[in-house]
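The values are calculated or read from the model by the stated rules, or taken from the named source; none is laboratory data. None of the values given here were measured: they were computed from a predicted structure. Using ideal geometry, Cβ is built from the backbone for each residue, glycine included, and neighbour counts are taken over all protein chains shown. In case anyone asks, the SASA skips ligands and DNA or RNA and just uses the protein heavy atoms, side chains included. Shrake-Rupley method; radii C 1.70, N 1.55, O 1.52, S 1.80 Å.
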Amino acid sequence: MAATQTAPAQQATPAPTAATSPGTAGSTTVGSGATGAAEPAATRGRTSIADVVVVKISGMAAREIPGVYDMGGGLSRTLGAVRDRVPGGRPNVGRGVKVEVGERQTAIDLDLVVEYGVPISDVARDVRENVIAAVERITGLEVVEVNVTVNDVHLPDDEDESAGGADTRVE
């Protein structure tokens, strides 16, 4: 009589969870994968997401919304303008963004400058929706809140005066 062989019971892979990585300040581990050759390739190892990643994703998503002129407070915008003019300097997409990242969730604070004439509540709602969608889609973290602070309104005359003043001095 031949012995019957049964297939080994498949083990349920634990659902990915996020945890702060010990020894990696400012980084969150999303999915503590299993190890070993018997595990599926997609679950071998661990994925860590640095806080700066959430900052950059949030900054890019906020800037995509029409009506957002700039981000950050007055001093950070001034320093950013100087930095942007330096040859080889890159724009700081994280300016005006602060994040707090937990084990599975994140909270985001944004400082905005909006264009004059746009409804601020509509811009804030659109920014909030876009940031939440982008961060949750890209990182897998749950966004518990996005706090929007409007620090300034960009007036159309602001650029005309600064550009026009230089032209009137020299002919």
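Brief remarks on what is shown
- Selection count where residues are open to solvent by 30 Å² or more (accessible area, probe 1.4 Å), within 25 Å of residue 157 (Cβ to Cβ) and touching a residue at least 12 places away in the same chain (Cβ under 8 Å), scope region 102-118: 4
- Out of 42, 2, 19, 81, sole residue that is in a loop (DSSP other than H, G, I, E, B) and modelled with pLDDT under 90: 2
- Considering 50, 25, 7, the condition of being among the hydrophobic types (A, V, I, L, M, F, W, C), open to solvent by less than 80 Å² (accessible area, probe 1.4 Å) and either under 30 Å from residue 152 (Cα atoms) or at pLDDT below 65 (or both) is satisfied by 50 alone.
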